[in-house]
Amino acid sequence: MSAMDIHQILQHLPHRYPFLLVDRVLDVVPGEKITALKNVSVNEPFFPGHYPHHPVMPGVLIVEAMAQAAAILSFKSMGNKPDDNSVYYFVGIDGARFKKPVGPGDQLIMEVTLIMNKRGMWKFAATAKVDGQLAAEAELICTVRQVE
């Protein structure tokens with residue numbers, strides 16, 4: 001079992017506020033799986049516009065949070081960290097489903113499992129849960145490319 005705090009996460013993701021959507025890694029097994037969390041606060045920059053009378057975390061950002069957890073798993077699996085010469089791209093989403101709204105005060109637990117890694121393409125099965133209930137799920141496809 002290997003946990004990561006925010007300082008270690010910042011070394012493994014290029015994202016920064018307001019787009020960093022992983023607060024803590026509870027467990028990561030390189031080459032296999034990761035469990036990470038996002039504490040959803042009423043102070044999130046998207047809540048004033050989505051929706052002011054009933055704040056809901058946008059589904060695309062839940063998927064992005066799962067993809068960021070997948071990126072950490074990829075970098076831990078490769079044994080390296082992102083740098084200025086490469087970009088980790090999100091290239092596909094299959095079977096995305098949203099089962100439960102996520103709102104202020106929720107703790108989003110992302111579980112991501114590596115399905116395949118071939119020729120630099122990574123495929124993952126991902127879920128996001130709140131209080132043990134499925135909020136979202138998807139298969140994610142990502143790749144690392146050199147910046148020209």
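I'm trying to understand the selection: among the residues of segment 15-52, which are touching a residue at least 12 places away in the same chain (Cβ under 8 Å) and of a type in the set (Gly, Ala, Ser)?
Hits for segment 15-52 are Gly31, Ala36, Ser41.
From the residues in segment 1-14 that are part of a helix (DSSP H, G or I) and free of Cβ contacts under 8 Å to residues at least 40 places away in the same chain, which one is nearest to Gln68 (Cα to Cα)? Outline the logic, then answer.
In the first step, residues of segment 1-14 are kept if they are part of a helix (DSSP H, G or I); the result is 6-12.
Filter again for free of Cβ contacts under 8 Å to residues at least 40 places away in the same chain, leaving 6-8, 10.
Numbers: Ile6: 13, His7: 15, Gln8: 14, Leu10: 11 Å.
Out of the qualifying residues, it is Leu10.
Please tell me if Val25 is surrounded by 13 or more Cβ atoms within 10 Å (Cβ to Cβ), assigned to a strand (DSSP E or B) and modelled with pLDDT of 95 or more.
Yes; evaluated as a whole, the condition is true for this residue.
Between a first residue in segment 117-129 that is at positive phi and a second residue that is surrounded by 15 or more Cβ atoms within 10 Å (Cβ to Cβ), which pairs have beta carbons less than 8 Å apart while being 6 or more apart in sequence or on different chains?
Listed by first residue and then by second, the contacts come to Gly120/Thr143; Gly120/Val144.
Being touching a Pro at 6+ places or on another chain (Cβ under 8 Å) and in a helix (DSSP H, G or I) is the filter here; which residues of segment 41-70 pass it?
Across segment 41-70, the qualifying residue is only Phe47.
Just one of the numbered conditions (1) in a loop (DSSP other than H, G, I, E, B); (2) among the charged types (D, E, K, R); (3) under 12 Å from the mean Cα position of the chain (by Cα) is not true of Lys38; which one?
For Lys38, the failing item is (1).
Applying the selection to segment 79-101, what residues are outside any strand (DSSP E or B), within 27 Å of Gln11 (Cα to Cα) and not small (Gly, Ala, Ser)?
Of everything in segment 79-101, those that are outside any strand (DSSP E or B), within 27 Å of Gln11 (Cα to Cα) and not small (Gly, Ala, Ser) turn out to be Asn80, Lys81, Pro82, Asp83, Asp84, Asn85.
Here is a yes/no grid of residues against (1) under 15 Å from the mean Cα position of the chain (by Cα); (2) more than 20 Å from Ala3 (Cβ to Cβ); (3) surrounded by fewer than 15 Cβ atoms within 10 Å (Cβ to Cβ):
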| residue | (1), (2), (3) |
| --- | --- |
| Gly79 | no, no, yes |
| Gly92 | yes, yes, yes |
| Ala96 | yes, yes, no |
| Gly103 | no, yes, no |
| Ile115 | no, yes, yes |
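Would you call Lys129 under 16 Å from the mean Cα position of the chain (by Cα) and of a type in the set (Lys, Arg)?
Answer is yes for this residue.
Kindly provide the set of residues from segment 38-59 that are surrounded by 11 or more Cβ atoms within 10 Å (Cβ to Cβ) and either under 20 Å from Cys142 (Cα atoms) or of a type in the set (Phe, Trp, Tyr) (or both), ordered by number.
Once the filter is applied, which keeps residues that are surrounded by 11 or more Cβ atoms within 10 Å (Cβ to Cβ) and either under 20 Å from Cys142 (Cα atoms) or of a type in the set (Phe, Trp, Tyr) (or both), segment 38-59 yields Phe46, Phe47, Gly59.
Here is a check on your reading of the model: is Val87 over 18 Å from Val25 (Cβ atoms), free of Cβ contacts under 8 Å to residues at least 60 places away in the same chain and among the β-branched types (Val, Ile, Thr)?
Here the answer is no, as Val87 does not meet what is asked.
The values are calculated or read from the model by the stated rules, or taken from the named source; none is laboratory data. Owing to the predicted nature of the structure, the values given are computational and were not obtained by experimental measurement. Heads up, the Cβs are rebuilt from the backbone with ideal geometry, glycines too, and the neighbour counts pull from every protein chain shown.
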